[in-house]
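The values are calculated or read from the model by the stated rules, or taken from the named source; none is laboratory data. Owing to the predicted nature of the structure, the values given are computational and were not obtained by experimental measurement. With ideal geometry, Cβ positions are generated from the backbone for all residues, glycine too; neighbour counts draw on all protein chains shown. Remember, those area values only see protein heavy atoms, side chains included, never the ligands or the DNA or RNA. Shrake-Rupley method; radii C 1.70, N 1.55, O 1.52, S 1.80 Å.
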Amino acid sequence: MKRIFTLLAIVLASSALAQPLATKYGASPLELSSKKQWEKQVRPAVMEFFQQEVYGKVPPTQPKVSFRPLGEGEAFGGKVWRKEVEMTIGTTKALVLIYLPANHKGKVPVFLGMNFKGNHQIAPDPEITISPNAPKGKELGTDPERGAASSRWPVEMITEAGYGIVTLYRGDIDPDFDDGFQNGIHPHFYAEGQTKPYADEWGTIGAWAWSLSRVMDYLEKDKDIDHKHVAVIGHSRLGKTSLWAGAQDERFAIVISNDSGCGGAALSMRKHGETVEAINRNFPHWFCDNYNKYNDNEEALLVDQQGLIALIAPRPVYVASASLDDWADPEGEFLSALYASPIYKLYGKQGLSSKQQPAVGEVDAEGYVGYHLREGKHDINAWDWAHYIKFANKHFFGK
Ligand code: GTR
């Protein structure tokens, strides 16, 4: 392992624009001379780095994963078709909600992403089964919160554009608090005598990302789904998750990060907004234990977060920021998209089209790396989705 990291350090240091590692923006652009060099030397080392030092590896002991279709039916006055699937990982059960345009002909391209508070919050649809681990509403047992997150999931707009939505609740895979990894799916992966992940093994984000790949296993078999056209998407901590899922699993044909910030698209070495130390202190369960080595020590990172974006190349990737989301460092998110762009060039594909961060309300999504800076706060809304749909239309169908 040391050898491969040393090799990467040498390759990065000897590349045209990479000296010094810590630039004004605290990050080195990835400029390499050939696709072969990237694929054979650098990409494997960058992947190994993120696996071992940032998100953690998936342990070798793997539980059984199975899927069971639940009900189907109409939603949104007949415009949308709802399907539900139960995914079982070891003894952990998660519910996958699928919305498709009701009148679809043939297989449907989809956006796949996790949700924050339960499937029933994404739409005011009384038939959505409450995710097993969803927080209970104020009136226990009733559904006061159905549709509470519908501004984040414009179901009609997405399905009218010809896309489906596939989602599951993050807490069904791993609860989002530091429980010493006693709940959720981690214990199913422990070797004999093991009680928590080793220092280089996954935290919560790694588990969430892995579960998106398991949902993809299911989608490959569902006759309604165009599994060659699955865009993986996430907001904030779930945007960190979609990037990591997309970096590891090449079946995701487009990867979208909405306001993912620190540990997502934003460059860590800038130390602007949330820092590695702050994120590890506030969310000690998100990353692997090794990531703590970089608390107040970002310069020691072998490669900054542009390396994560580069792992997605040559597949299209979209990074989005919001103007009032200083904590997620919009400029740092833009710069990692910019610094990853040379890797796309190795494949003869244009990354970002300009070196300038777009102004508020502007979009740079002509190439294979898209970016926009939405006006407003940390969130995902219909404006963001309109641009993701446009990006998918272009890359999936040349429209
Ligand atoms: C914040 C956290 C961010 C981001 C966000 C979210 O508290 O500092 O890294 O992930 O939560 O997920 O909404």
Q) All but one of (1) touching a strand residue (DSSP E or B) at 6+ places or on another chain (Cβ under 9 Å); (2) in a helix (DSSP H, G or I) hold for residue 307; which doesn't? A) (1)
Q. List the pairs whose first member sits in segment 255-274 and is within 16 Å of residue 340 (Cβ to Cβ) and hydrophobic (A, V, I, L, M, F, W, C), whose second member is in a loop (DSSP other than H, G, I, E, B) and within 10 Å of the ligand (Cβ to nearest atom), and whose Cβ atoms are under 8 Å apart, counting only residues at least 6 apart or on separate chains?
A. 266/260; 266/273; 266/274
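Checking the structure you have, find out if any residue of segment 358-365 is at pLDDT 95 or above, at negative phi and either within 16 Å of the ligand (Cβ to nearest atom) or in contact with a Pro (Cβ under 8 Å, 6 or more places away or on another chain) (or both).
Here is the first cut: in segment 358-365, the residues at pLDDT 95 or above are 358-365.
If we keep only those that are at negative phi as well, we get 358-360, 362-365.
Retained after the next criterion (residues that are either within 16 Å of the ligand (Cβ to nearest atom) or in contact with a Pro (Cβ under 8 Å, 6 or more places away or on another chain) (or both)): 364.
Checking segment 358-365: at least one residue is at pLDDT 95 or above, at negative phi and either within 16 Å of the ligand (Cβ to nearest atom) or in contact with a Pro (Cβ under 8 Å, 6 or more places away or on another chain) (or both).
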Q | Inter-residue pairs, beta-carbon under 9 Å, first closer than 10 Å to residue 324 by Cβ and in segment 372-390, second more than 16 Å from the ligand (Cβ to nearest atom) and assigned to a helix (DSSP H, G or I), 6+ apart | A | 374/383; 374/387; 375/383; 376/383
Q | Enumeration of residues in segment 247-298 that are within 14 Å of the ligand (Cβ to nearest atom) and aromatic (Phe, Trp, Tyr) | A | 283, 286, 287, 291
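What do you reckon, is residue 333 under 17 Å from residue 357 (Cβ atoms), within 16 Å of the ligand (Cβ to nearest atom) and acidic (Asp, Glu)?
Numbers: under 17 Å from residue 357 (Cβ atoms): yes; within 16 Å of the ligand (Cβ to nearest atom): yes; acidic (Asp, Glu): yes.
Taking the combined requirement at face value, the residue satisfies it.
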Q. Which numbered condition trips up residue 270, out of (1) modelled with pLDDT of 95 or more; (2) over 20 Å from residue 45 (Cβ atoms); (3) open to solvent by 10 Å² or more (accessible area, probe 1.4 Å)?
A. (1)
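Filter segment 53-70 down to residues that are in contact with an Asp or Glu (Cβ under 6 Å, 6 or more places away or on another chain) and assigned to a strand (DSSP E or B) and give me whichever is farthest from residue 200 (Cα to Cα).
Looking only at segment 53-70, we keep the residues that are in contact with an Asp or Glu (Cβ under 6 Å, 6 or more places away or on another chain), and these are 56-57, 59, 68, 70.
Narrowing the set further to residues that are assigned to a strand (DSSP E or B) leaves 57, 68, 70.
Working: 57: 6, 68: 33, 70: 37 Å.
By that ranking, first place goes to 70.
For (1) modelled with pLDDT of 95 or more; (2) open to solvent by less than 10 Å² (accessible area, probe 1.4 Å), each residue gets a yes or a no:
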{"position": "266", "(1), (2)": "yes, yes"}
{"position": "281", "(1), (2)": "yes, no"}
{"position": "285", "(1), (2)": "yes, yes"}
{"position": "289", "(1), (2)": "yes, no"}
{"position": "304", "(1), (2)": "no, yes"}
{"position": "312", "(1), (2)": "yes, yes"}
{"position": "315", "(1), (2)": "yes, no"}
{"position": "318", "(1), (2)": "yes, yes"}
{"position": "321", "(1), (2)": "yes, yes"}
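Would you please name the residue that is nearest to residue 247 (Cα to Cα), looking only at residues in segment 340-399 that are among the aliphatic types (A, V, I, L, M) and open to solvent by 30 Å² or more (accessible area, probe 1.4 Å)? Spell out the reasoning first.
Start the filter on segment 340-399 by keeping residues that are among the aliphatic types (A, V, I, L, M), which leaves 340, 343, 346, 352, 359-360, 363, 365, 369, 373, 380, 382, 386, 389, 392.
So of that shortlist, the ones also open to solvent by 30 Å² or more (accessible area, probe 1.4 Å) come out as 346, 359-360, 363, 382, 386.
Working: 346: 17, 359: 28, 360: 28, 363: 23, 382: 25, 386: 24 Å.
By that ranking, first place goes to 346.
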